[in-house]
Amino acid sequence: MLGKFLTRDETETIKLGEEFSKILKSGDVVALYGELGSGKTRFIQGVCKGLGVSEVVNSPTFIIMNKYDGRLRVYHFDFYRIDDIKEIIEIGFNEFIYNDAVSLIEWAEKVREILPDSRYEVVLNFGSNENERVIEISRL
Ligand SMILES: Nc1ncnc2c1ncn2[C@@H]1O[C@H](COP(=O)(O)OP(=O)(O)O)[C@@H](O)[C@H]1O
Ligand SMILES: [Mg+2]
């Protein structure tokens, strides 16, 4: 489930997230990188679906973090609006990510220096057509 993938519409990105979720274990951290609209939240929706989350998954842009319960507990962070890493530390980010849960982090570049060394990375880029996305999944 690691490698470089091309998706042709959002349902394929959701499917990819769902497939990827199968390798996740409690305590895993997934850092997502990609511009606005590149599909980070769609991918995460697939991961949550795969983990058996029944709630609606949306970007927690205003409240920074959402918590879901599926087969595993899921913390979903979105740091788009965060300018100062101190704000992230203050919400207890470190306590959350070293916990019995899967942490999914949008705009992970904003917390790169406090991410655990061992993590998955998902890099999303726009493809050559409007609905294409190139998604690279790796394990550090
Ligand atoms: N292949 C694709 N994968 C994911 N999203 C796509 C794709 N093609 C078009 N889209 C659209 O791009 C947008 C992605 O939104 P979203 O997942 O919220 O992005 P992000 O969280 O990175 O800002 C959605 O409107 C979706 O319909
Ligand atoms: Mg998003």
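Read the figures in this text as sums done on the coordinates, not as results from a lab. None of these values were measured; they are calculated from a predicted model. Methodologically, a virtual Cβ is constructed for each residue, glycine included, from the backbone with ideal geometry; neighbour enumeration extends over all protein chains shown.
For K25, the lysines whose Cα comes closer than 26 Å to its Cα, not counting residues fewer than 8 places off in the same chain, are K4, K15, K40, K49, K67, K110.
Highest mean packing first, where packing is the average number of other Cβ atoms within 10 Å per residue, the peptides 80-90, 104-114, 122-132 line up as 104-114, 122-132, 80-90.
The distance linking the range 5-69 with the range 92-131 is 11 Å (Cα centroid to Cα centroid, whole angstrom).
Note on the chain: Kirkwood radius taken over Cα pairs, Stokes-Einstein applied at 20 °C and 1.002 mPa s, translational D equal to 144 µm² s⁻¹.
Bridgeable aspartates and glutamates around K86 (alpha carbons under 19 Å apart, same-chain partners fewer than 8 residues away excluded): D78, E95, E106, E109, E113. Note on the chain: with charges restricted to the Cβ of Lys and Arg (+1) and Asp and Glu (-1), its dipole about the Cα centre is near 420 debye. Label separation (S118 vs K4): 2.8 nm, computed from points 7 Å beyond Cα along the C-beta direction.
Based on C-alpha pairs under 8 angstrom that are at least 6 apart in sequence, the range 3-139 has a relative contact order of 36 percent. In this simple spin-label model, placing a label point 7 Å from the Cα along the Cα-to-Cβ direction at both E95 and Y80 gives a separation of 2.7 nm. Run down the aspartates and glutamates and flag those whose C-alpha is under 17 Å from the C-alpha of K22, throwing out any fewer than 8 positions away in its chain. Partners found: E12, D69, D100, E121, E136.
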